[in-house]
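Peer 1: Quick one: the structure is below, and I'll ask about it shortly.
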Amino acid sequence: MSLATMQAWAVDVPGPIESKPLRRIERAIPVPGPRQVRVHVQVCGVCRTDLHLVEGDLAPKRPLVVPGHEIVGIVDALGDGATRFSLGDRIGIPWLASTCGTCRFCMSGRENLCVAPLFTGWDVDGGYAEYAVGNEDYAYLLPAEFGDEQAAPLLCAGIIGYRALRRSECPPGGRLGIYGFGGSAHITAQVAIAEDMRVHVLTRAPEARELALRLGAVSAGGAADAPPEPLDAAILFAPVGTLVPPALEALDRGGILAVAGIHLSDIPPLDYDRCLFQERDLRSVTANTRSDGNELLDIAARIAVKVSTVRYPFDRADEALEDLAHDRVNGVAVLVNTSEA
């Protein structure tokens, strides 16, 4: 391989993960544009959104896009006008790649609802590669408290889970249900527990239930089980629409269910009396703001969040996604740059 090219993984023809839709390719090393930075990727987290993209639940925005949006890298090149970071800085490039900055949502502090956003690993190439570029205004200087493998999941799993927690409006000391317990949920649970919430985890994987209890959850049961007490709020992390009715039924009066995923299978008909009456609310979560990211990173460092990761070398990205698809990852899968492993 010449010095001007790099190895990357790209989405070829989306389809079931067993059909090997992720293909390893050689591509030119990207050159940062105005106000962009380039990083030598050290670690990239493997997110369920990547799986949705690869399998076609999310239609790729362009051919042979490189997935990955939990990127930890070392800045090695600066585009024109890029002054926020210095060469050698360790930064994170997240899911939110850029927003228009001028629509009514951006102007009112709701940039997560921007009408013309771009997303890393969907609209623009992501971190399943040896190098990646990002807009400096949307990148994060990472807390020194976290190593590369632990920092990567914070950049999406952590941030989106944090926004979902805030959307749920669970009060300090409140009773929070968490449905599904993978990469995002296990970080969110720790933030909730640090805020004195009573966390009840409902998930199908026995290993995930064990992890939940080790992290301080009050209870851990099956995905469709009823929690041992009524909930003030709940977050649905599993992309399974059939879990919406039991999660709503588990809420106390006035409770809120926040759905954290970018994709959800069909929701069955809801019984109004059991699921929505008595002012129960159902809310979605759409992307995040940069404020969400900064708040989550500050809180994670302050409370010493423990990030559970499973390490994969870069050349096994397809295997990491297949393991994620079949619930064989207890925590967050992370791809480690082969040259760094």
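The values are calculated or read from the model by the stated rules, or taken from the named source; none is laboratory data. Remember, predicted model here, so these are calculated numbers, not experimental data. Every residue, glycine as well, gets a Cβ built from its backbone with ideal geometry; the counts of neighbours run over all protein chains shown.
Peer 1: List the pairs whose first member sits in segment 92-103 and is without any contact (Cβ under 8 Å) to a residue 60 or more places away in the chain, whose second member is of a type in the set (V, I, T), and whose Cβ atoms are under 8 Å apart, counting only residues at least 6 apart or on separate chains?
Peer 2: These pairs meet every condition: A97/T120; A97/V124; C100/V115; C103/V115.
Peer 1: Right, next: Where in segment 241-341 are there strands (runs of 3 or more DSSP E), lying wholly inside it, with at least 3 residues that are buried (at least 17 other Cβ atoms within 10 Å of the Cβ)?
Peer 2: 251-259, 309-313, 332-336
Peer 1: Here's something else I'd like to know. From (1) surrounded by 22 or more Cβ atoms within 10 Å (Cβ to Cβ); (2) modelled with pLDDT of 95 or more, pick out the condition that doesn't hold for G183.
Peer 2: (2)
Peer 1: Just name the residue that is nearest to V72 (Cα to Cα) out of those in segment 152-172 that are over 15 Å from the mean Cα position of the chain (by Cα) and modelled with pLDDT of 95 or more.
Peer 2: Step one: filter segment 152-172 for residues over 15 Å from the mean Cα position of the chain (by Cα), giving 166-172.
From what is left, the residues that are modelled with pLDDT of 95 or more are 166-171.
Values: R166: 25, R167: 27, S168: 29, E169: 30, C170: 31, P171: 33 Å.
So the residue we want is R166.
Residue by residue, here is whether (1) among the hydroxyl-bearing types (S, T, Y); (2) in contact with a helix residue (DSSP H, G or I) (Cβ under 9 Å, 6 or more places away or on another chain); (3) over 25 Å from C44 (Cβ atoms) holds:
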residue	(1), (2), (3)
E229	no, no, yes
A233	no, yes, yes
L243	no, no, yes
L270	no, yes, yes
R283	no, yes, yes
D298	no, no, no
V310	no, yes, no
F314	no, no, no
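Peer 1: Assigned by TED's automatic domain parsing to the domain that holds D315, surrounded by 24 or more Cβ atoms within 10 Å (Cβ to Cβ) and more than 14 Å from A320 (Cα to Cα), is that true of V11? Please lay out each step first, then the result.
Peer 2: Values: assigned by TED's automatic domain parsing to the domain that holds D315: yes; surrounded by 24 or more Cβ atoms within 10 Å (Cβ to Cβ): yes; more than 14 Å from A320 (Cα to Cα): yes.
When the stated conditions are applied, V11 passes them.
Peer 1: Could you please find all residues in segment 97-118 being outside any loop (DSSP other than H, G, I, E, B) and either surrounded by fewer than 21 Cβ atoms within 10 Å (Cβ to Cβ) or touching a Pro at 6+ places or on another chain (Cβ under 7 Å) (or both)? Walk me through it before giving the result.
Peer 2: Step one: filter segment 97-118 for residues outside any loop (DSSP other than H, G, I, E, B), giving 97-98, 104-107, 111-113, 118.
Those that are outside any loop (DSSP other than H, G, I, E, B) and either surrounded by fewer than 21 Cβ atoms within 10 Å (Cβ to Cβ) or touching a Pro at 6+ places or on another chain (Cβ under 7 Å) (or both): S98, R104, F105, C106, M107, N112, L113, L118.
Peer 1: For segment 16-34, which residues satisfy the criterion of being farther than 30 Å from F237 by Cα and assigned to a strand (DSSP E or B)?
Peer 2: Within segment 16-34, I25, E26, R27, A28 qualify.
Peer 1: How many residues does segment 184-235 hold that are in a helix (DSSP H, G or I), within 16 Å of V332 (Cβ to Cβ), touching a strand residue (DSSP E or B) at 6+ places or on another chain (Cβ under 8 Å) and β-branched (V, I, T)?
Peer 2: Result for segment 184-235: 1.
Peer 1: Let me ask something additional. Do we have any residue at all in segment 136-145 that's crowded, with 24+ Cβ neighbours inside 10 Å and within 15 Å of E70 (Cα to Cα)? Walk me through how you get there before you give the answer.
Peer 2: Just the residues of segment 136-145 that are crowded, with 24+ Cβ neighbours inside 10 Å, to begin with: 139.
Subset that is within 15 Å of E70 (Cα to Cα): 139.
Yes: segment 136-145 contains one or more residues that are crowded, with 24+ Cβ neighbours inside 10 Å and within 15 Å of E70 (Cα to Cα).
Peer 1: When you scan segment 264-277, do you find a residue that is within 20 Å of V191 (Cβ to Cβ), at pLDDT below 95 and under 16 Å from the mean Cα position of the chain (by Cα), even just one?
Peer 2: No, that holds for no residue.
Peer 1: Filtering segment 35-77 down to residues that are without any contact (Cβ under 8 Å) to a residue 40 or more places away in the chain and in a strand (DSSP E or B), which residue is surrounded by the most Cβ atoms within 10 Å (Cβ to Cβ)?
Peer 2: Step by step, filter segment 35-77, then rank; the result is V75.
Peer 1: Going by what's in this entry, would A233 be described as in contact with a Cys (Cβ under 9 Å, 6 or more places away or on another chain), surrounded by 23 or more Cβ atoms within 10 Å (Cβ to Cβ), in contact (Cβ under 8 Å) with a residue 12 or more places away in the chain and more than 27 Å from A116 (Cα to Cα)?
Peer 2: Yes; evaluated as a whole, the condition is true for this residue.
Peer 1: Still on this structure, please answer the following. Only one residue in A250, A224, A208 is within 18 Å of the chain's Cα centre (by Cα) and in the same structural domain as E169 (by TED's automatic domain parsing). Which one?
Peer 2: A208
Peer 1: Here is a follow-up. So the check is Cβ under 9 Å with 6+ separation or different chains; which pairs have a first residue in segment 209-221 that's in contact (Cβ under 8 Å) with a residue 60 or more places away in the chain and a second one that's assigned to a loop (DSSP other than H, G, I, E, B) and among the polar types (S, T, N, Q)?
Peer 2: As it stands, the answer is L211/S308; L211/N330; L215/S308, since those pairs meet every condition given.
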